[in-house]
1. Multiply the residue separation of Leu419 and Ser241 by 0.36 nm, subtract the distance between their alpha-carbon atoms, and state the gained length in nm to one decimal.
2. I need the fraction of alpha carbon pairs in the chain separated by more than 39 Å, rounded to a whole percent.
3. Taking the alpha-carbon set of the stretch 122-211, what are its Rg and Dmax in Å?
4. Order by neighbour count: Met326, Met1, fewest other Cβ atoms within 10 Å first, most last.
5. Please say if the stretch 223-264 is rounded, prolate or oblate, where rounded means a/c under 1.5 for a ≥ b ≥ c the square roots of the C-alpha gyration tensor eigenvalues, and otherwise the choice is prolate for a/b larger than b/c and oblate otherwise?
6. Starting from the 7 Å offset along Cα-to-Cβ, what nm value, one decimal, do you get for the label separation of Ala219 and Asp191?
7. Once the stretch 402-451 is represented by equal point scatterers at the alpha-carbon sites, with solvent omitted, what log10 I(q)/I(0) does the Debye formula produce at q = 0.18, 0.32 Å⁻¹?
8. Note down the Stokes-Einstein diffusion coefficient of the stretch 339-407 in µm²/s, whole number, using a Kirkwood radius over alpha carbon pairs, 37 °C, and 0.692 mPa s.
Amino acid sequence: MIFENATLISMNPRREIITHGALAVEGSRIAAVGKSREIVEKFPAKKRIDCNGNLLLPGLVDTHVHLAQALIRGCADDLGLLDWLFKRVWVLQGNYTTADGRASAALCALEMIKSGTTSFIECMLAERYGFDGVADVILQSGMRAALGKIVMDLPAYARSENKMHPGMVEDGETSVRNTLAAHERWDGAGDGRLQVWFGPRTPGGVTPSLYDQISRLAAERQMGITIHLSEVKEDLDYAVSQGFRSPVEFAQAHGLLGPRSVLAHCVWTDAADWEILARSGTHVTHNPASNAKTATGIAPVNGLLRAGVNVALGCDGGPSNNTYDMIRDMRLASYLANLKAGDPTAVPAETILEMATIHGARAMGLEAEIGSLEAGKKADFILIDMDKPHLTPAWDPVSTIVYAAHGSDVDTVVIDGKLIMQNRQVLTLDERAVVQDARRRYIEVAGRAGLQVGSRWPVV
Ligand SMILES: [Zn+2]
């Protein structure tokens, strides 16, 4: 296939934007990128898709996703993180069946594809969601993913009195054993589209000795680790109670930092922490909508980036965002970072698009494979329909995407050389069936949980 006549944001090392550009796909990889005329001459027999001057760019990489939370979107609005967890999210998730886990993953994948995300890191798959069903439906969706399997051995958040819902409790031995089994079964599946990682709970939910075991096993098997760290003030208090200056130093002491580690949030961090993260090659996923909605703070993105930390971008989950639209969150990431810095030039649109593409690829350990449009890389890319009032005029395509576009402007999605969405129709999942299934299930889950969530205004 050749995608011709596009404005191509390559994200290559020179960050070239190619007008009248084309991209040739051979199998799962990009065969060539260049001017349309040259590419068409070089590959004359190829099937050609006219992009009508629209924007073609690498697929977005969401580095912090809770697949299981799509089904409980909007269940815990306007609550602080701990009430959010204890009164709503864990109560509902603790009543999931494996069929609910799969249905939520399908709904989430559908939404991600429809807003231009092609790869993601799932941070915490609990036992009760059913790993096999989730992995299977993600494979079917055509997406690329690192699936983090939960590991835990303490039923609490930060302090022992912050008890988890019993439906969410797992023991250390089983959670490690099942993570390794999932790794053996699914890592590398779908021609390498799936990875299986450790997704341990936040400090306070895992004993220090179990963290040591996780980091040892991850090193042995070259597995990734993703963990929520320094999200709320309570996380900082927990680290101090354990004799550490900060959660980052706690993580460092237990082998949880390094180039295969992705830390979510890092809101409560300082310059000394950034230095440790940069030196160890640890990645950070910034989740601006989630932090803003739960009012946990504005992550020091500018400081992290300036210290040399690879910062990527994540949407987090249905109850904390409440969408999985990376394009919307790019805009918010820029606003918040500049607001915190008191400087509208602190984190510009170009840096934000890097965070959502090449930085995300690096965090997934896939910088050589995805994140930019270059010959030899995997063909993961999206096409934005620019024929819209809110995208007109487009002086600068990067600024247009970051500041003006919506996820629903994504028209076409290609992952691993395969057309996954065309003209906004997803080709790998039955959209209607997925949405209808979710509409039925969220009510059933709430019923089992004994929770009534709805409008706070009288519904007549
Ligand atoms: Zn999260």
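Each reported figure results from applying straightforward, stated rules to the coordinates on display, with no laboratory input. These figures come from a predicted structure and were not determined experimentally. Methodologically, a virtual Cβ is constructed for each residue, glycine included, from the backbone with ideal geometry; neighbour enumeration extends over all protein chains shown.
1. Separation in residues times 0.36 nm, less the Cα-Cα distance, equals 59.0 nm.
2. 17 percent
3. Expressed in Å, the Cα Rg and Dmax of the stretch 122-211 come to 13.7, 45.
4. Met1, Met326
5. Values: a/c = 3.24, a/b = 1.64, b/c = 1.98.
The shape class here is oblate.
6. It works out to 3.6 nm between the two label points.
7. -0.74, -1.10
8. 238 µm²/s
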